[in-house]
1. Please report the spacing between the Cα centers of the stretch 1-37 and the stretch 45-77 in Å, no decimals.
2. With each run of n ≥ 4 DSSP H residues scored as -39500 (n - 2.57), what mean residue ellipticity at 222 nm is computed for the chain after dividing by its residue count and rounding to the nearest 500 deg cm²/dmol?
3. Tell me, what ³J(HN,Hα) does each residue in the stretch 18-23 have, in order and in whole Hz, if you take phi through Karplus 6.51 cos²θ - 1.76 cosθ + 1.60 with θ = phi - 60° and put x for Gly and Pro?
4. HN-Hα J couplings of the stretch 63-70 from phi, Karplus 6.51/-1.76/1.60, θ = phi - 60°, integer Hz, Gly and Pro as x?
5. Only Cα pairs under 8 Å and at least 6 apart count here; give the relative contact order of the stretch 1-111 as a rounded whole percent.
6. Sorting 97, 14 on the 10 Å Cβ count, fewest up front, what's the list?
7. Please work out how much length the chain gains when fully extended from residue 122 to residue 24, using 0.36 nm per residue of separation minus the C-alpha to C-alpha distance, in nm with one decimal.
8. Could you go through the stretch 40-51 in sequence order and give the Karplus-derived ³J(HN,Hα) for each residue, using 6.51 cos²θ - 1.76 cosθ + 1.60 with θ = phi - 60°, rounded to whole Hz, and x for Gly and Pro?
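Rule-based calculations on the coordinates, nothing more; no lab input. Values in this document were obtained by computation on a predicted structure and should not be read as measured data. Reconstructed Cβ throughout: ideal geometry from the backbone, glycine too, with neighbour counts over all protein chains shown.
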Amino acid sequence: MDIAALILWLVTAVGGFVLLGTWVAKGGHRPGSGTRLAPPLVFGHVTVAVIGLVLWIIFLAAGEAVWAWIAFVLLLVVALFGFTMFGRWLSSRRSQVAEAKFPVPIVLGHGLLAAVTLVLVLLASLDAG
């Protein structure tokens with residue numbers, strides 16, 4: 001389950017980087033772009049997710065349950081940021097802002113994989129102690 005969580009986390013990250021790249025390429029990070037996704041929210045989501053992933057890898061290498069629990073808590077924060085962005089994305093779908101250009105299958109796949117990753121990380125953390 002630990003390795004499955006890692007693999008899903010990595011696949012989820014790939015989808016997230018596609019979305020981030022689209023958002024940046026369309027100018028979402030620029031002041032005055034009209035985006036509904038505030039840059040601190042977007043970059044905070046990415047930063048906390050990467051830190052959590054690194055801590056998950058440390059957990060896998062060290063086997064210390066504390067790293068798994070810290071990674072899980074960070075993943076909860078990432079999920080809250082993600083839900084916020086998803087809601088804002090839904091309301092911007094018919095506009096001309098950068099996030100309106102997100103490929104729908106990638107948004108939905110990213111969210112679904114993230115939810116499954118969160119559950120696997122919780123189960124693995126519970127199993128770790």
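1. Answer, in whole Å: 18.
2. Numbers: 4 runs with 101 residues, N = 129.
Calculated at 222 nm, the ellipticity per residue is -28000 deg cm²/dmol.
3. Coupling constants for the stretch 18-23: 5, 5, 4, x, 5, 4 Hz.
4. Result, rounded to whole Hz: x, 8, 4, 4, 5, 5, 5, 5.
5. Details: 103 pairs, mean separation 42.9, N = 111.
Worked out over the stretch 1-111, it gives 39 percent.
6. Fewest-to-most Cβ neighbours within 10 Å comes out as 14, 97.
7. Numbers: separation 98, 0.36 × 98 = 35.28 nm, distance 3.17 nm.
Length gained between residue 122 and residue 24: 32.1 nm.
8. x, 5, 5, 5, x, 4, 5, 4, 5, 5, 5, 4
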